[in-house]
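I have placed the structure first, in the form of structure tokens, so that the comments after it can refer back to it.
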């Protein structure tokens, strides 16, 4: 007779590990399954870890976790072919406890986080793929793995199996994601001397900087480029909706090469050596794409539940919080020995009441709006660059003349109305 | 019931390890620690024999505390018990001192359950000496069968084992008394995909750990650095092969050029 656990968590990323950690801490007998050689072996993100949601699980984790740099500056570049308008906020308060966020390398961080869950009593089994949920009488009662004698049972199964979540799909919780519901991100880790990084990005030791790049980083396709500082490496990457890549017939690695060679970016990474190449799908369907997240004996967390705020490049924090909320629900369900959908559905309510539901709802139409109207990235960012160039170029013409030129550059009266309307629409989907 | 003990070691993965260019020594932090691949085949063979004849498979290792991971890997492969000797006194051991310490541990294991067969990997990938296995056999005064690539039969009742030993131009069939010690080649078996119950057992498993004090009749002078007469006088990297030629052109041109070279310089390909 195969062993039965209280709970099986499929996937040791931030969502699954957070869930397993909280369950184990509460004395729940939990099995954490991971398909990679170790947790983090197959996980990819740009690299920003948010302090608050991690601290909700492990207070003062930053004293021992393998982090790269606390971020003290966030820059946003609106980039054209050979110019960029940049906004930035730098605050030294972010460089002190309790910090705001950190850059991390997932291969190291996820491993550490999973070890913490094991210390709490979770049982971690790696190199094992859960291939399907075992369903009996309309209830998920366990998972089937790819190993011999691979069936394993539990009162409740948590699906933290990532963006494609084959298990949730098999259960009919979601269909195949459309190309405009997922982004494809490719990135490289570039080795660069620590001092050179600090000089180039105007940092002191143990300070980090993130740069988000809009516009020409993605050749006008909806998406962003990013450049983050780690201890002695840089993370550079670009993510665009899959639909955009298909429409423009661009290969993702071509886009990454384009960003790396862009005259606005090249000086930052000059002389660095690529040490890693990574690529991953990111769920960016937002609020409308959130699938069914609770069923009889099963919950869905993290990327598997499409919990990513693409506008604010937040995902790992939502993953962790969703894992924690799932654990809270399971602990409650265990007390009442009721793992039915109506009981577990409290997880959905918790999720929607939390910042996750609130934020995803706020931006529910944003991605789709910018996807439908490509002029924001294709036209308005270059326009903004031309305006800045015009205004700040000292060429003897009066400032009033310059304003006139900028005004003329906005196009005909009809085009100006369209621009105003687009700005209103953008405000509406973002507010 | 057969009692088979596999001696294993955790080693840095030399496929990806970096060498310190100044000292020509391995930068051990640059590569993950893995179960020595030859030892994985030793454990696999032990588990196969257990399945065929019935019995118990124990694994033994000497190493620092993180080496528990290598034992867990063996439990995944189907080993029943794991023993580890771990102590500062063992540090810096060469093959002579290693075989001494392992022998003392094997004697202790044998007191609890007599050992019929010891299986080691042919060699470790970080040391490449292949001396520890035969060293143990000599100390225990049992026959060492090196380079084993097939086990034909193990007969505990009649007290013998028949194996194939790999030779340069074939193999020899050897019959030996039991107990004896095999060191195995990689081609002896294919590592099987571990069943899930083994994985779960391994995740929970904690091996028996002994210090030098836990072993009996130990001559401390023979342990660790003190017991190691080996002196590494010089380490150097082999010169990189030079020359070579990259063929260019269309596939047809490349193939015909390659063929003419093969025909001209037969001695290179004999």
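On the given criteria, is residue A:156 surrounded by 23 or more Cβ atoms within 10 Å (Cβ to Cβ), under 24 Å from residue A:38 (Cβ atoms) and either assigned by TED's automatic domain parsing to the domain that holds residue A:8 or in contact (Cβ under 8 Å) with a residue 24 or more places away in the chain (or both)? Quick ask: steps written out before the conclusion?
Values: surrounded by 23 or more Cβ atoms within 10 Å (Cβ to Cβ): yes; under 24 Å from residue A:38 (Cβ atoms): no; either assigned by TED's automatic domain parsing to the domain that holds residue A:8 or in contact (Cβ under 8 Å) with a residue 24 or more places away in the chain (or both): yes.
In short, no.
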Considering only region A:96-110, how many residues are modelled with pLDDT of 95 or more and either within 14 Å of chain B (Cβ to nearest Cβ) or assigned to a helix (DSSP H, G or I) (or both)? 2
Members of region B:190-210 that are surrounded by fewer than 18 Cβ atoms within 10 Å (Cβ to Cβ) and more than 14 Å from chain A (Cβ to nearest Cβ): B:190, B:208, B:209
Go through (1) touching a strand residue (DSSP E or B) at 6+ places or on another chain (Cβ under 8 Å); (2) in the same structural domain as residue A:293 (by TED's automatic domain parsing) and name the single condition residue A:342 misses. (1)
The lone condition residue A:153 fails out of (1) within 14 Å of chain B (Cβ to nearest Cβ); (2) under 26 Å from residue A:282 (Cβ atoms) is (2)
Just to check your reading of the model, which residue among A:82, A:93, A:73, A:119 is within 14 Å of chain B (Cβ to nearest Cβ) and either assigned to a helix (DSSP H, G or I) or touching a residue at least 40 places away in the same chain (Cβ under 8 Å) (or both)? A:119
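Just checking, which of A:255, A:245, A:281, A:325 is touching a helix residue (DSSP H, G or I) at 6+ places or on another chain (Cβ under 8 Å), within 30 Å of residue A:22 (Cβ to Cβ) and buried (at least 19 other Cβ atoms within 10 Å of the Cβ)?
Being touching a helix residue (DSSP H, G or I) at 6+ places or on another chain (Cβ under 8 Å), within 30 Å of residue A:22 (Cβ to Cβ) and buried (at least 19 other Cβ atoms within 10 Å of the Cβ) holds for just one of A:255, A:245, A:281, A:325, which is A:325.
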Every residue in region A:215-233 that is farther than 28 Å from residue A:109 by Cα, assigned to a loop (DSSP other than H, G, I, E, B) and touching a strand residue (DSSP E or B) at 6+ places or on another chain (Cβ under 6 Å), please. A:221, A:222
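Looking at region B:16-123, what strands (runs of 3 or more DSSP E) fall wholly within it and have at least 2 residues that are without any contact (Cβ under 8 Å) to a residue 60 or more places away in the chain? Write out each step before concluding.
Numbers: elements: B:33-35, B:55-62, B:81-85, B:117-121.
In region B:16-123, the matching strands (runs of 3 or more DSSP E) lie at B:33-35, B:55-62.
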For the list (1) closer than 30 Å to residue A:95 by Cβ; (2) within 14 Å of another protein chain (Cβ to nearest Cβ); (3) surrounded by 15 or more Cβ atoms within 10 Å (Cβ to Cβ), I need the number of the one condition that residue A:191 fails. (3)
Filtering region A:122-141 down to residues that are more than 11 Å from every other protein chain (Cβ to nearest Cβ) and at positive phi, which residue is surrounded by the fewest Cβ atoms within 10 Å (Cβ to Cβ)? A:137
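Counting just the residues of region B:151-189 that are in a loop (DSSP other than H, G, I, E, B) and in contact (Cβ under 8 Å) with a residue 12 or more places away in the chain, which one comes out surrounded by the fewest Cβ atoms within 10 Å (Cβ to Cβ)?
Initial filter on region B:151-189 (in a loop (DSSP other than H, G, I, E, B)): B:156-159, B:168-169, B:178-179, B:185, B:189.
Next, from what is left, pick out any that are in contact (Cβ under 8 Å) with a residue 12 or more places away in the chain: B:156, B:159, B:178-179, B:185, B:189.
Numbers: B:156: 17, B:159: 13, B:178: 18, B:179: 22, B:185: 20, B:189: 18.
Of everything passing the filter in region B:151-189, B:159 is surrounded by the fewest Cβ atoms within 10 Å (Cβ to Cβ).
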Considering only residues of region A:143-153 that are surrounded by fewer than 23 Cβ atoms within 10 Å (Cβ to Cβ) and either free of Cβ contacts under 8 Å to residues at least 24 places away in the same chain or touching a strand residue (DSSP E or B) at 6+ places or on another chain (Cβ under 6 Å) (or both), which is farthest from residue A:30 (Cα to Cα)? A:148
Among the numbered criteria (1) crowded, with 20+ Cβ neighbours inside 10 Å; (2) farther than 17 Å from residue B:213 by Cα, which single criterion is violated by residue B:69? (1)
Out of A:40, A:46, sole residue that is within 13 Å of chain B (Cβ to nearest Cβ) and either farther than 17 Å from residue A:280 by Cβ or under 20 Å from the mean Cα position of the chain (by Cα) (or both): A:40
Of all residues in region A:1-26, which are out of contact with any strand residue (DSSP E or B) (no Cβ under 7 Å at 6 or more places or on another chain) and either within 14 Å of chain B (Cβ to nearest Cβ) or over 23 Å from residue A:49 (Cα atoms) (or both)? A:1, A:26
Could you tell me which numbered condition residue A:67 fails, if it satisfies all but one of (1) buried (at least 23 other Cβ atoms within 10 Å of the Cβ); (2) more than 25 Å from residue A:187 (Cα to Cα)? (2)
Any idea how many residues of region B:222-265 are touching a helix residue (DSSP H, G or I) at 6+ places or on another chain (Cβ under 8 Å), surrounded by fewer than 10 Cβ atoms within 10 Å (Cβ to Cβ) and under 30 Å from residue B:92 (Cβ atoms)? 1
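The values are calculated or read from the model by the stated rules, or taken from the named source; none is laboratory data. In this text the structure is predicted, and so the values were computed from the model without any measurement. Cβ atoms come from the backbone with ideal geometry, glycine included; neighbour counts cover every protein chain shown.
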